[in-house]
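Below is one structure; the comments refer to it alone.
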There are 2 protein chains.
Amino acid sequence: MAEKADHEERRRQIAEALLRIADTEGLQSASMRAVATEAGVSLRLVQYYFTTKQGLLLDALARLGTQLQARMQRWIGEARDPREVVTAILSCILPTDAESRRITRTYAAYYALVLSDPEVLERQAAQPPVVLEGFLVKQLRAAQQAGGIAPERDVEMAAAGLLAMVNGLGSSVLGGQRTGEQAQAVLDHHLDGLFLPPRGR
Amino acid sequence: MAEKADHEERRRQIAEALLRIADTEGLQSASMRAVATEAGVSLRLVQYYFTTKQGLLLDALARLGTQLQARMQRWIGEARDPREVVTAILSCILPTDAESRRITRTYAAYYALVLSDPEVLERQAAQPPVVLEGFLVKQLRAAQQAGGIAPERDVEMAAAGLLAMVNGLGSSVLGGQRTGEQAQAVLDHHLDGLFLPPRGR
DNA sequence: ACATGCATGATACGTATGTACCAACAGAGT
DNA sequence: ACTCTGTTGGTACATACGTATCATGCATGT
């Protein structure tokens with residue numbers, strides 16, 4: 001059979017074209033034709049690899065989730081102690097560099113879609129943003145048992161609050177109310193309040 | 001001249017029809033015709049009162065801001081001490097009752113639009129969500145001077161963090177990860193950490 | 001060498017949308 | 001009483017979109 005082009009590679013190329021448009025102009029500008037042009041292929045090709053638009057949107061969203069996950073693991077990999085792991089988890093979501101700005105903006109573009117389309121909402125249930133909280137709780141608990149966090153602290157509440165805060169800080173950066181550095185400062189300030197100072201002994 | 005119908009009332013009627021659609025089906029479903037049908041008027045009327053769609057969108061967004069402001073003042077009015085004022089400011093944004101769910105969802109529907117359209121973003125600069133932070137800082141400072149918050153606390157950082165947290169909590173409720181009550185519990189927990197316990201003397 | 005089937009291209013179709021245009025009506029000022 | 005201006009209705013138009021259809025090429029298995 002004729003396997004001229006790598007299927008998965010093509011799909012990636014097209015899906016990333018959509019993500020690029022969603023990032024820069026929003027999802028409402030991401031028509032099939034616009035995606036095709038952005039990807040440098042014909043409209044028919046987009047249709048061929050993704051029969052329907054919803055399929056393309058969902059596939060691209062899944063890829064975005066993978067990208068975020070990869071970034072997070074990269075950041076976590078550089079952490080040396082539990083506190084740095086927690087800081088990495090939270091900071092890597094903040095739009096402070098080009099990659100995180102792109103990811104955050106693109107997620108924001110999907111936000112309205114996810115809210116209005118129940119089906120997309122379901123498929124999103126297993127995505128990083130949702131699973132993340134449990135993971136963060138585990139890390140906080142580890143830090144607590146290592147003595148980095150006061151034992152009476154409720155780490156589940158802390159995790160929920162921090163994650164929501166990071167989410168909200170990201171929105172404010174995207175909205176132009178704050179710079180990424182300012183958002184980072186706010187986050188660091190709250191992490192200072194959560195973690196105990198290292199024992200000077 | 002022929003002033004048969006109250007202009008402002010008509011505009012309100014149409015704008016609120018748009019907000020209703022934005023709430024329930026998202027802004028992408030809010031076509032001029034859909035708004036007209038929802039408002040029970042003809043398409044021509046919508047065009048007459050709002051020449052362009054952008055005008056309608058902007059007007060409705062401004063009204064939404066006014067509604068949120070009114071709700072907040074109502075909530076603040078019931079507060080009896082500085083802590084209750086702060087709690088009111090933050091809690092009234094959380095999607096815990098029908099009205100706040102509606103407002104939050106509708107704002108969420110506008111979110112993508114605001115991000116992708118720089119012009120809308122500018123006009124939003126003087127809106128409640130932006131002005132709010134300064135107001136919250138003032139309230140926190142007042143509470144601090146009244147002895148309700150430890151003097152060494154950085155209230156600006158606290159205000160930024162809390163507002164972002166409430167924003168993020170709202171998103172998680174809308175996304176179905178949490179109930180409104182759970183979000184409220186997370187907020188209350190963090191306010192407990194910020195405010196000093198009342199002096200039992 | 002050739003037929004098979006995947007891959008790609010060009011184009012058509014039906015629909016929905018924002019906006020514009022033309023017509024009709026009603027009350028107020030004179 | 002009449003006109004004039006603000007108001008409302010119906011409808012048309014150009015465009016953009018998602019999807020479907022028809023057609024062509026090209027590599028590969030035999």
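Computed quantities for the displayed model
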item: Cα convex hull of region B:1-115, projected area averaged across orientations, nm²; result: 8.8
item: DSSP H segments from chain B that extend 15 Å or more along their own axis, Cα-based, with Kyte-Doolittle mean of -0.5 or above; result: B:53-77, B:98-116, B:128-145, B:155-174, B:180-194
item: For a label point 7 Å along the Cα-to-beta-carbon line of residue A:99, residues of region A:50-74 with backbone N under 20 Å; result: A:60-74
item: Alpha-carbon Debye profile of the protein assembly as shown, log10 I(q)/I(0) at 0.06 Å⁻¹; result: -0.27
item: Estimated FRET transfer efficiency when R0 is 25 angstrom, pair residue B:152-residue A:24 (beta carbons, to 0.05); result: 0.05
item: Average beta-carbon neighbours from other chains, 10 Å sphere, peptide A:183-194; result: 4
item: Computed over chain B, Kirkwood Rh from alpha-carbon pairs, angstrom; result: 18.5
item: Across the identical copies, how the residue A:6 labels are spaced - nm, sorted shortest first, 7 Å along Cα→Cβ; result: 6.7
item: Nm distances between copies for residue B:62, ranked from closest, using label points 7 Å along Cα→Cβ; result: 4.6
item: Kirkwood Rh in Å, taken over region B:68-160 so that all alpha-carbon pairs contribute; result: 14.6
item: Centre separation in Å (Cα based) which lies between region A:163-180 and region B:138-201; result: 17
item: Largest-first principal axis extents of the Cα set of region A:130-171 (Å); result: 33, 18, 13
item: Reciprocal mean inverse distance between Cα atoms of region B:137-201 - Kirkwood radius, Å; result: 12.8
item: Cβ-derived FRET efficiency at R0 60 Å, residue A:142 paired with residue B:122, nearest 0.05; result: 0.85
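Readers should treat all values here as calculations from the given coordinates under stated rules, not as data from a laboratory. It should be emphasised that the depicted structure is a prediction, and the values quoted were computed from it without experimental measurement. Methodologically, a virtual Cβ is constructed for each residue, glycine included, from the backbone with ideal geometry; neighbour enumeration extends over all protein chains shown.
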